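Novice: Pasting a structure below so you can have a look.
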Amino acid sequence: MKCLSLSAFVLVGMCLSAMASADSLRFTGSELSNANVVRISVNGNAFQNVVAGRLKFQGPNGEILTYCADAVSPLNSATHQYSTATVLATGLDGLSREARILGQNFGTANTRDQQAALQIAVWSALYDNASTFQANGPNFRVTNVSDSIVHLATSYYASGSIPLSPGQQGIKFSSNAPGAQSQFTVVPEPGTMAALGRGAAAMMRRRRRK
């Protein structure tokens, strides 16, 4: 168990160091080429078509996967300067809820419908922060989505009541530059933690055999 804890701690430190130095990011596209397009309205504005899914950014230390934390700002593929901040995921505000939602589901939402549902749940948390998911909330509304995506979004949103795993951190990338868009990620995501656990278990088994 000590090996697992140390490995997780080292990985978190490496990830956070990389994030802190990522002062310039360039949007390179959706992770999935067939990502869902949904229609959303934010703060009473007209509905618009937007891509809902995990996004890819290129930073100084490699590729970063994120979810949009700003549904009202257009995004282009130019390189922009971003500031990074660790998000306290124990609060009652929408950003803290978003961190918990992503912390529980970031590494397991891999299909186009799962990623669309997770993005919608994140937007709902940011703009309405209600106790349950609302597809037609006072500040965030979404249409052009299937019942299965709404069901998934409801489930993902509910997971926002679960604290982050030990060692997990929510990271927000913020920029006010034209063509930039605030983004959110979680390090390390639960899939990484699970992989660490499997790796540590395998190492222990090999040591016992010796």
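Novice: Restricting the search to segment 59-77, which residues are out of contact with any Pro (no Cβ under 9 Å at 6 or more places or on another chain) and of a type in the set (S, T, Y)?
Specialist: Across segment 59-77, the qualifying residues are T66, Y67, S77.
Novice: Okay, moving on. Residue check: is T132 over 18 Å from T185 (Cα atoms) and open to solvent by 70 Å² or more (accessible area, probe 1.4 Å)?
Specialist: Against the criterion (over 18 Å from T185 (Cα atoms) and open to solvent by 70 Å² or more (accessible area, probe 1.4 Å)), T132 qualifies.
Novice: Related question: Are there any pairs, at least 6 apart or on different chains, whose C-beta atoms fall under 7 Å, with the first in segment 70-94 and within 24 Å of D128 (Cβ to Cβ) and the second of a type in the set (K, R), and if so, which?
Specialist: A85/K172; V87/K172; A89/R100
Novice: Just one of the numbered conditions (1) part of a loop (DSSP other than H, G, I, E, B); (2) of a type outside the set (D, E, K, R); (3) within 25 Å of G167 (Cα to Cα); (4) at pLDDT 95 or above is not true of L25; which one?
Specialist: For L25, the failing item is (1).
Novice: In addition: Hey, can you tell me all the residues within segment 104-118 that are aliphatic (A, V, I, L, M) and either modelled with pLDDT under 95 or buried (at least 24 other Cβ atoms within 10 Å of the Cβ) (or both)?
Specialist: A116, A117, L118, listed by residue number.
Novice: Moving to a separate point now. So which residues in segment 73-97 are within 15 Å of P60 (Cα to Cα) and among the polar types (S, T, N, Q), if there are any at all?
Specialist: Matches in segment 73-97: T79, Q81, S83, T84.
Here is a yes/no grid of residues against (1) surrounded by 19 or more Cβ atoms within 10 Å (Cβ to Cβ); (2) over 17 Å from D93 (Cβ atoms); (3) of a type outside the set (A, V, I, L, M):
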| position | (1), (2), (3) |
| --- | --- |
| I120 | yes, yes, no |
| N136 | no, yes, yes |
| H151 | no, yes, yes |
| F173 | yes, yes, yes |
| A180 | yes, yes, no |
| V187 | yes, yes, no |
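Novice: Still on this structure: So, in segment 166-186, exactly how many residues are under 14 Å from Y82 (Cα atoms) and assigned to a loop (DSSP other than H, G, I, E, B)?
Specialist: 8
Novice: Next question. Could you list, in sequence order, all residues of segment 158-171 that are free of Cβ contacts under 8 Å to residues at least 60 places away in the same chain and open to solvent by less than 30 Å² (accessible area, probe 1.4 Å)?
Specialist: Result: S159, single match.
Novice: Here's something else I'd like to know. Name the single residue that is farthest from S174 (Cα to Cα) among those in segment 82-108 being touching a strand residue (DSSP E or B) at 6+ places or on another chain (Cβ under 9 Å) and in a loop (DSSP other than H, G, I, E, B).
Specialist: Restricting to residues being touching a strand residue (DSSP E or B) at 6+ places or on another chain (Cβ under 9 Å) and in a loop (DSSP other than H, G, I, E, B), the top hit is G107.
The values are calculated or read from the model by the stated rules, or taken from the named source; none is laboratory data. What you are looking at is a predicted structure, and each value in this text was computed from that prediction instead of being measured. All Cβ positions, even for glycine, are placed from backbone atoms using ideal geometry, and neighbour counts span all protein chains on display. All accessible areas refer to the heavy atoms of the entire protein, side chains included, with ligands and DNA or RNA removed. Shrake-Rupley method; radii C 1.70, N 1.55, O 1.52, S 1.80 Å.
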